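The block underneath contains the structure these notes are about, expressed in structure tokens.
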Amino acid sequence: MALNPQPTASKSTSSTTSSAPTVSLPGAPQAAQFSKGSLDRSALASDPTTQFTSWFAEASSVPQHEACTLATAELPSGRVSARMVYMKSLDHGFVVYSNWGTSRKAADIASNPNASLVFWWRELERQVRVEGRIERVSTAESQKYFDTRIRGSRVGAWASQQSSVLSGREELEGQVKDVERKFEGVDEIPVPEFWGGARVVPERVEFWQGRESRLHDRFSYVRDGEGWRIERLSP
Ligand SMILES: Cc1cc2nc3c(=O)[nH]c(=O)nc-3n(C[C@H](O)[C@H](O)[C@H](O)COP(=O)(O)O)c2cc1C
């Protein structure tokens, strides 16, 4: 798929295995150079949570710096799916909130608890990759977060059978009306059993700082018993 689709995109003559034509990318800029920083072993914390917390604070000026890609994979097919989510808190794992009843990620995780998160903070030329296993957050903790959401989002969480097929927008709006009726006059809406937090408990976390000529600095933390082994990776 064209990254910068142009109305005048021309067909390439290069051969491909598929019958779809290769689309050239007129106007695509030369790949950017990364020059904003560097990362040295001596600057790293001994554990990835502390290191992430420090980078996350530095990324606070980046719009929506809590947005990340969550990748999951269904077994036994091995089919991978990915989507954007918001990371809402960090303790011994990275906590995201979603529907765990009907969504694609829910189906994936039911067969395979392994998941990956990727953050990209363009303004800092930094990427963080997290790999680990997913565990559900307690209902009490999910309720605490649910209570911070505006009423419309709480009603929406009840109303949406996330990722199921709708006959039209009206069906969703009808479901929202049903939930509004159900909770009319109720201020403290309980968190739905099918909705809440899930924590990616890291087994591997990589910190990536872009450098010139693609000679990036990369350090990965790999769980090693009670501690973490830190390794510099080739760019
Ligand atoms: C910036 C951004 C943040 C999002 N945050 C969340 C989120 O925190 N939780 C969530 O369930 N969906 C979130 N979404 C929607 C998901 O990307 C996705 O559409 C939804 O979770 C259904 O995905 P699934 O069927 O693959 O499980 C977000 C989308 C965007 C673009």
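All of the numbers you see were taken from the coordinates with simple rules; none came from a lab. All values derive from a computational prediction rather than experimental measurement. Please note: Cβ atoms are built from the backbone with ideal geometry, for glycine as well, and neighbour counts cover all protein chains shown.
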Practice prompt. May I ask you to list the residues in the range 155-182 that are in a helix (DSSP H, G or I) and closer than 17 Å to VAL85 by Cα?
Written response: GLY156, ALA157
Worksheet, complete the sentence: Restricting the range 39-74 to residues that are away from the ligand (no atom under 16 Å from the Cβ) and aliphatic (A, V, I, L, M), the one nearest to VAL96 (Cα to Cα) turns out to be ALA57
Worksheet item: Among (1) within 12 Å of the ligand (Cβ to nearest atom); (2) over 15 Å from the mean Cα position of the chain (by Cα); (3) part of a strand (DSSP E or B), which single condition is TYR145 missing?
Response: (3)
Response to the item:
Scanning the range 124-138 residue by residue, those small (Gly, Ala, Ser) and not in a loop (DSSP other than H, G, I, E, B) turn out to be GLY132
Worksheet entry | Count of residues meeting criterion [part of a strand (DSSP E or B), in contact with a strand residue (DSSP E or B) (Cβ under 8 Å, 6 or more places away or on another chain) and more than 8 Å from the ligand (Cβ to nearest atom)] in the range 88-105 | 3
Worksheet item: Just checking, which of ALA32, ALA28, ALA57, ALA45 is touching a helix residue (DSSP H, G or I) at 6+ places or on another chain (Cβ under 7 Å) and either free of Cβ contacts under 8 Å to residues at least 40 places away in the same chain or β-branched (Val, Ile, Thr) (or both)?
Response: ALA45
